[in-house]
1. Could we say that Gln306 is out of contact with any strand residue (DSSP E or B) (no Cβ under 9 Å at 6 or more places or on another chain) and at pLDDT 95 or above here?
2. Just the residues that are polar (S, T, N, Q) and touching a residue at least 60 places away in the same chain (Cβ under 8 Å), please, taken from region 270-298.
3. Looking at the structure I just gave you, is Ala250 small (Gly, Ala, Ser), open to solvent by 20 Å² or more (accessible area, probe 1.4 Å) and not assigned by the TED database to the domain that holds Gly52?
4. Has region 211-234 got at least one residue that is crowded, with 23+ Cβ neighbours inside 10 Å and within 19 Å of the chain's Cα centre (by Cα)?
5. From Leu203, Leu266, Leu280, Leu258, grab the single residue that is over 17 Å from the mean Cα position of the chain (by Cα) and either in the same structural domain as Thr190 (by the TED database) or surrounded by 17 or more Cβ atoms within 10 Å (Cβ to Cβ) (or both).
6. So, in region 330-356, how many residues would count as being open to solvent by 70 Å² or more (accessible area, probe 1.4 Å) and either more than 19 Å from Ser34 (Cα to Cα) or basic (Lys, Arg) (or both)?
7. Kindly provide the set of residues from region 180-190 that are at pLDDT below 95 and either open to solvent by 20 Å² or more (accessible area, probe 1.4 Å) or among the hydroxyl-bearing types (Ser, Thr, Tyr) (or both), ordered by number.
Amino acid sequence: MSPIRSATLAALASVVLAGTLTGCQFGDDEVAASPIVIAADLELSGSAAPMGKAYQRALELKVEQLNASGVLAGRRIELRVKDNRSDASESLRNIGDFSSDPQVSAIIMGSCNECVIGAVRTINEKRIPTIALATSDAVANPVAERRYVFKLGPNADDNASALASELIRKNVRKVALLRSDDDYGREGATALQGEFDKAGIRLLREATVKPTDTDVNQQIASLTARKPQALVLWTSPEQAALAATAAHDAGFTGSLYLDAGAAGDLFLGESAKATERATLIFTQTMVIDDVIATTPAKAARRQWFQDYTARFGGYNGGSSFAADALQLIADAHLRAGGPADRVNRNGIRDVLETSQLDGLSGPIRMTPDNHSGLMPQALTTLVARNGRWRLAG
């Protein structure tokens, strides 16, 4: 066994075993050996399918790893996945089915902001712990109205702060913004404007794109006509690639800056030429092969990156969020305790609300006042070089 693999399993074991003494108060061997059932509502078809499929791959790989690790106190995780077709109504039906199944411990939801927000009432009424991988802050706020909903991913304020810091460092004073026309995009615009005002950065023009749009040429033409020094893309990964290509074709010579929500595949494919030297704010795990594994957490991230790329032939930035969500639920299930004859959803919720994990994505800290636990320190600056993302510097 390699040193990195040993460190990875040791780190995993320390997290999971910390809860087994509480979680394994079962008097019946058959009940103790019952699976930990975790459901996933994902965008496997429709406009958001690329990210949904990446999440599914990550969840399946993480389940396989945890089940093989021997640290689940004789339990196994069973993953149940349903396609919401990138549609909030279909997602709500899935959440209803999952939450009505007494075997399901918790739900992981994908990138669809509207799906999570539309399901909040059902999630609260059914009292089923849910971790969303969607980008909007409204997914987990206000906390008083989202007691059973948690979010795992970059937060708009942290994202905007890191992006503005990089603009300042590069002495960029005039920018244009392309953002998605949804809660996520509006939150981003507000957060960026606040940072720009403090830094003396002038927003020359702002344009929006619907989440389902596949043509952004008109918006890019409007933005680049003002000749900004930089173009900020606060959109989905697919639309960011379209925008980068449109800007390149329009002869834009300024810099491109992408927010964390625009992160997709490690390798840039057809948009490689258009995105060369672009800047992305994201987590270090995306480029962990550029990082020396000096701690068990970094070793675990590096091993995850290697396992994912070996299995799927590439890497997707969102995969670590999905894997961390599953890890958090598995840990909470084991620590929650409760009656042996049923899943303790309230106990899982309570554990999630105070969870701390040095995860694959970075440091995660949940609190009763903050259900969106990815810490600002998880974000770093990446740059596109030779068709893939690299650590800046």
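The values are calculated or read from the model by the stated rules, or taken from the named source; none is laboratory data. Note that the structure is predicted; figures quoted are calculated from it, not measured. Cβ sites come from the backbone with ideal geometry, for glycine too, and all protein chains shown count toward neighbours. Ligands, DNA and RNA are stripped out before the accessible areas are found, and what is left, the full protein with its side chains, is counted by its heavy atoms. Shrake-Rupley method; radii C 1.70, N 1.55, O 1.52, S 1.80 Å.
1. yes
2. Result: Thr275, Thr279, Thr283, Gln284, Thr285.
3. yes
4. yes
5. One residue alone meets the criteria, Leu203.
6. 5
7. Passing the criteria: Asp183, Tyr184.
Quick grid of which residues meet (1) among the hydrophobic types (A, V, I, L, M, F, W, C); (2) crowded, with 24+ Cβ neighbours inside 10 Å; (3) not in a loop (DSSP other than H, G, I, E, B):
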position	(1), (2), (3)
Glu114	no, no, yes
Thr122	no, no, yes
Thr135	no, yes, no
Asn141	no, no, no
Ala162	yes, no, yes
Ile168	yes, no, yes
Val175	yes, yes, yes
Leu178	yes, yes, yes
